[in-house]
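**Student:** Structure incoming, see below.
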Amino acid sequence: MPVKDPSKVVPAAPAESAEAAMKHIVDGFLRFHTEVFPEQQELFKKLATAQKPRAMFITCADSRIVPELITQSSPGDLFVTRNVGNVVPPYGQMNGGVSSAIEYAVLALGVHHIIICGHSDCGAMRAVLNPHSLDKMPTVAAWLRHAEVARTVIEDNCSCGSEHESMQLLTKENVIAQLHHLRTHPSVASRLAAGQLHIHGWIYDIETSQIEAYDAASDRFLPLTAGESIPSATPRGRY
Ligand SMILES: [Zn+2]
């Protein structure tokens, strides 16, 4: 299937100089420090010594995905972990940042929800479809092996007519695969069995801002809309 080489994707915005890029970031911080922070001083005082996030949010490192913006959350609300491809390595394969963040979120912070959020136009998913594009990026290639299961599922079961269709299906299958991986972590498995933890698989569309959520009961992705019950990937508790 024809796919774009992610190493050849041209940034959408005109390039700014390295110096201007850093100045923009520091100017932003100064505006935050002098204008935004004073208005929310009470909140930051409360957060200075403790956190009680509503949920853990695992998503892609992609700069276009801003969890706090798309969920209208405040500092302290979301325990966020980001990486290339919103991957969750299966338990025991890698004692890395994602696994330790999951354990900490569940056992130390006692979060009741974990959301895995993939997104449209994901460069990681494009690379999974086109592994040769990663020939000079061995670390990314090794990391994205955790998403290979999703490619196999669509290659064996779907006859996609276009790259767009392959990307949409792969992005969904990847979220389902990472939800499976999530359940191999003992802290997660135990709280799921006890009915104390809920897991969610989302796909965020950058162009439209729509979110589709995986519904385990119907084995489908359903749009997140107002007034209806929230689709959930949570298995039934046993204890
Ligand atoms: Zn991505």
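**Student:** State the number of residues belonging to segment 118-154 that are within 11 Å of the ligand (Cβ to nearest atom) and within 19 Å of THR81 (Cβ to Cβ).
**Tutor:** So the count comes out to 8.
**Student:** Considering only residues of segment 56-76 that are of a type in the set (S, T, N, Q) and within 16 Å of the ligand (Cβ to nearest atom), which is nearest to HIS180 (Cα to Cα)?
**Tutor:** Taking the candidates together, the pick is THR59.
**Student:** Additional query: If I ask for residues that are buried (at least 22 other Cβ atoms within 10 Å of the Cβ) and part of a loop (DSSP other than H, G, I, E, B), which ones from segment 99-120 would you list?
**Tutor:** VAL111 - this is the single residue of segment 99-120 that is buried (at least 22 other Cβ atoms within 10 Å of the Cβ) and part of a loop (DSSP other than H, G, I, E, B).
**Student:** Scan segment 45-55 and give yes if some residue there is within 16 Å of the ligand (Cβ to nearest atom), touching a Ser or Thr at 6+ places or on another chain (Cβ under 8 Å) and farther than 23 Å from THR184 by Cβ, otherwise no.
**Tutor:** Of all residues in segment 45-55, those within 16 Å of the ligand (Cβ to nearest atom) come to none.
There is no residue in segment 45-55 that is within 16 Å of the ligand (Cβ to nearest atom), touching a Ser or Thr at 6+ places or on another chain (Cβ under 8 Å) and farther than 23 Å from THR184 by Cβ.
**Student:** Which of the numbered conditions does PHE79 fail, given that it passes all the others? Conditions: (1) more than 13 Å from the ligand (Cβ to nearest atom); (2) open to solvent by 60 Å² or more (accessible area, probe 1.4 Å).
**Tutor:** (2)
**Student:** Just wondering, is there one or more residues in segment 210-232 that are closer than 29 Å to GLU165 by Cα, modelled with pLDDT under 95 and buried (at least 20 other Cβ atoms within 10 Å of the Cβ)?
**Tutor:** For segment 210-232, residues closer than 29 Å to GLU165 by Cα, modelled with pLDDT under 95 and buried (at least 20 other Cβ atoms within 10 Å of the Cβ): present.
**Student:** OK, next. Do we find a residue being within 15 Å of ASN86 (Cβ to Cβ), open to solvent by less than 60 Å² (accessible area, probe 1.4 Å), at pLDDT 95 or above and part of a strand (DSSP E or B) anywhere in segment 164-176?
**Tutor:** no
**Student:** Being within 16 Å of the ligand (Cβ to nearest atom) and among the small types (Gly, Ala, Ser) narrows it down to one residue among GLY85, GLY96; which is it?
**Tutor:** After applying the criteria, what remains is GLY85.
**Student:** Right, here's the next one. Need the failing condition index for THR152 against (1) over 23 Å from GLN93 (Cα atoms); (2) of a type in the set (Ser, Thr, Tyr); (3) modelled with pLDDT of 95 or more, just the number.
**Tutor:** (1)
**Student:** Filter segment 51-107 down to residues that are within 26 Å of GLN41 (Cα to Cα) and free of Cβ contacts under 8 Å to residues at least 60 places away in the same chain, then give me how many there are.
**Tutor:** Number satisfying all stated conditions: 21.
**Student:** Scan segment 71-98 for residues that are farther than 19 Å from ALA142 by Cβ, touching a helix residue (DSSP H, G or I) at 6+ places or on another chain (Cβ under 8 Å) and in a loop (DSSP other than H, G, I, E, B) and report the count. So that I can check it myself, show each step before the final result.
**Tutor:** To start, the set of residues in segment 71-98 that are farther than 19 Å from ALA142 by Cβ comprises 71-80.
When the remaining residues are screened for being touching a helix residue (DSSP H, G or I) at 6+ places or on another chain (Cβ under 8 Å), the result is 73-80.
Okay, now just the ones that are also in a loop (DSSP other than H, G, I, E, B), so 73-77.
Final tally of qualifying residues: 5.
The values are calculated or read from the model by the stated rules, or taken from the named source; none is laboratory data. Being a predicted model, the structure only gives us computed values, none of them experimental. So basically every Cβ, Gly included, is an ideal-geometry build from the backbone, and we count neighbours across all protein chains shown. Only protein heavy atoms, including side chains, enter the accessible area calculation; ligands, DNA and RNA are left aside. Shrake-Rupley method; radii C 1.70, N 1.55, O 1.52, S 1.80 Å.
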